[in-house]
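Each remark here refers to the structure printed beneath this line.
The values are calculated or read from the model by the stated rules, or taken from the named source; none is laboratory data. Just so it is clear, the structure is predicted and the values come from calculations on it, not from any experiment. Please note: Cβ atoms are built from the backbone with ideal geometry, for glycine as well, and neighbour counts cover all protein chains shown.
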Amino acid sequence: MGMLISPKADRYFERVILQSPPMFHFSPRDWAKFKGELFVRSLGFNPPTSTGNDDSFEEELRNQVDVQTILDAQSMLTTWPNFLEGLAPVGPAGDGNKTLPCSLVEYYFHYPLPEHYKDIDIIIGYTRDEFNFFFPFLPDFHQMDDSMFVKTYFTHVFGRQYARKAYEIYKNQILPPFSPPSEVARYMCSDVMCRISVLLAAENFVRHGHKVHLYEWRYESSDVENVIKAAHMVDAIFSWDNLEYWEGNPFLGPGDPFERDRIAKQVSQAIVAFANNSNPNHPGIPHWPSLDLNNPKGMVFDRELVVENDLYMNGLNAWKTVLKDYVQTPMFSVNPRPLKKKNYDHQLLIYSFMKI
């Protein structure tokens, strides 16, 4: 998504499939530096100074740190309570150059793609339980009360002034009655992580003339603890039609092999059809219409595939009417701001522990 909007990039794509894109994952330069330093310290190193030799530091990391240690350190950041600023320490970051005009959220919610992509077609979707991929890293999150979630997740997105109000909107207007606090927080985290981002970006694509096919993934994993459900990445597992490589994997768990094979072929053949002719329809699925803002429909991937109107209508309406004005973090710019070149000189910096 960064390459699509970069003024330094040419037309590299004919069609685009965006599966649960975490568009919030864009760090201001100062935060990117802080995350990089924190990550390096968790590996047992002191970050290099501005006068230090970055090349020798990089070589030292390469020679002394094994892959598993890097993954373990990354998992530590995944448990960061302010989830927008935690997660993996790898992603786009601003650094004052002109590789990105602004954050991905701000661009994809409000602006058209560059002229050379004006005719590009798009599949975009999300999973129903996006944040379940990350909640299991938090110990006893099912037992946490609402005050903990308000003080952390909701405060980070909506600020101290609106955190409780946003929580109550989710609890009373979006979720089923009697949902526990962990479920309220999970819904909001899933929204900001991917779901609302996908829905708002999809509408923006259509407004600017693109043909868009929208989906929601509901087919669940069956892990032993029954916490994964339709989490982030479950759809990607089926998209490649290679489930034999996932046999025995605890993330996916056991299941009906014939049912899973059918679903894998339904989604993977839709991807192949779209890659060939910009149309994901094939004989194995119901007709998948392109998104029409006057009659919005999307494909639901579950045990049986169905086309539904107004996916996540309550949540989307709450964001469009109230929640958008509560947002305080600059990383989730739901309301538009003027795109001024001098103020939004960013570079797509895929940084890692090697380059802080």
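Summary table below
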| item | result |
| --- | --- |
| Which listed residue is touching a Lys or Arg at 6+ places or on another chain (Cβ under 8 Å) and among the polar types (S, T, N, Q), from SER197, SER179, SER268, SER239 | SER179 |
| Residue check for LEU323: under 19 Å from the mean Cα position of the chain (by Cα) and modelled with pLDDT of 95 or more | yes |
| Residue under evaluation ILE271, criteria (1) of a type in the set (A, V, I, L, M, F, W, C); (2) crowded, with 23+ Cβ neighbours inside 10 Å; (3) within 22 Å of GLY298 (Cα to Cα), criterion not met | (2) |
| Members of the stretch 145-169 found to be over 20 Å from PHE24 (Cα atoms) and either buried (at least 22 other Cβ atoms within 10 Å of the Cβ) or in contact (Cβ under 8 Å) with a residue 40 or more places away in the chain (or both), listed by number | GLN161, LYS165, ILE169 |
| Flag for PHE39 being assigned to a helix (DSSP H, G or I), at pLDDT 80 or above and aromatic (Phe, Trp, Tyr) | yes |
| Residues satisfying the stated conditions in the stretch 228-254, i.e. over 19 Å from the mean Cα position of the chain (by Cα) and part of a loop (DSSP other than H, G, I, E, B) | TRP240, ASP241, ASN242, GLU247, GLY248, ASN249, PRO250, LEU252, GLY253, PRO254 |
| Given (1) within 30 Å of LYS324 (Cβ to Cβ); (2) surrounded by 16 or more Cβ atoms within 10 Å (Cβ to Cβ); (3) not β-branched (Val, Ile, Thr), number of the condition ALA236 does not satisfy | (2) |
| Odd one out for LEU291, checked against (1) in a loop (DSSP other than H, G, I, E, B); (2) among the hydrophobic types (A, V, I, L, M, F, W, C); (3) in contact with a Ser or Thr (Cβ under 7 Å, 6 or more places away or on another chain) | (3) |
| Elements of type helices (runs of 4 or more DSSP H) contained in the stretch 126-220, each with 2 or more residues being of a type in the set (Gly, Ala, Ser) and at pLDDT below 95 | 181-190 |
| Criterion (touching a helix residue (DSSP H, G or I) at 6+ places or on another chain (Cβ under 7 Å) and either under 28 Å from CYS189 (Cα atoms) or without any contact (Cβ under 8 Å) to a residue 12 or more places away in the chain (or both)) met by exactly one of VAL227, VAL272, VAL206 | VAL227 |
| Unmet criterion (only one of (1) among the polar types (S, T, N, Q); (2) farther than 23 Å from ALA273 by Cα; (3) surrounded by 13 or more Cβ atoms within 10 Å (Cβ to Cβ)) for THR321 | (3) |
| Selection status of LEU291, over 14 Å from ILE17 (Cα atoms), modelled with pLDDT under 95 and touching a helix residue (DSSP H, G or I) at 6+ places or on another chain (Cβ under 8 Å) | no |
| Qualifying residue in the stretch 237-251 (condition: touching a Phe, Trp or Tyr at 6+ places or on another chain (Cβ under 7 Å), touching a residue at least 40 places away in the same chain (Cβ under 8 Å) and either of a type in the set (A, V, I, L, M, F, W, C) or over 15 Å from GLY298 (Cβ atoms) (or both)) | no |
| LEU4, sole failed condition from (1) surrounded by 12 or more Cβ atoms within 10 Å (Cβ to Cβ); (2) at pLDDT below 85; (3) closer than 30 Å to PRO330 by Cα | (2) |
| Hey, SER197 touching a strand residue (DSSP E or B) at 6+ places or on another chain (Cβ under 9 Å), under 22 Å from VAL334 (Cβ atoms) and surrounded by 20 or more Cβ atoms within 10 Å (Cβ to Cβ) or not | yes |
| Selected residue (criterion: nearest to LEU214 (Cα to Cα)) from residues of the stretch 1-31 that are out of contact with any Pro (no Cβ under 9 Å at 6 or more places or on another chain) and assigned to a helix (DSSP H, G or I) | MET3 |
| Sole exception among (1) surrounded by 13 or more Cβ atoms within 10 Å (Cβ to Cβ); (2) under 30 Å from VAL150 (Cβ atoms); (3) charged (D, E, K, R) for GLU225, by number | (1) |
| So LYS265, is it charged (D, E, K, R), surrounded by fewer than 18 Cβ atoms within 10 Å (Cβ to Cβ), modelled with pLDDT of 90 or more and within 22 Å of the chain's Cα centre (by Cα) | no |
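Listed here are the residues, each with its yes/no results for (1) in a helix (DSSP H, G or I); (2) of a type in the set (S, T, N, Q); (3) at pLDDT 80 or above.
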{"position": "PRO48", "(1), (2), (3)": "no, no, no"}
{"position": "ARG62", "(1), (2), (3)": "yes, no, yes"}
{"position": "LEU71", "(1), (2), (3)": "yes, no, yes"}
{"position": "LEU84", "(1), (2), (3)": "yes, no, no"}
{"position": "PRO89", "(1), (2), (3)": "no, no, no"}
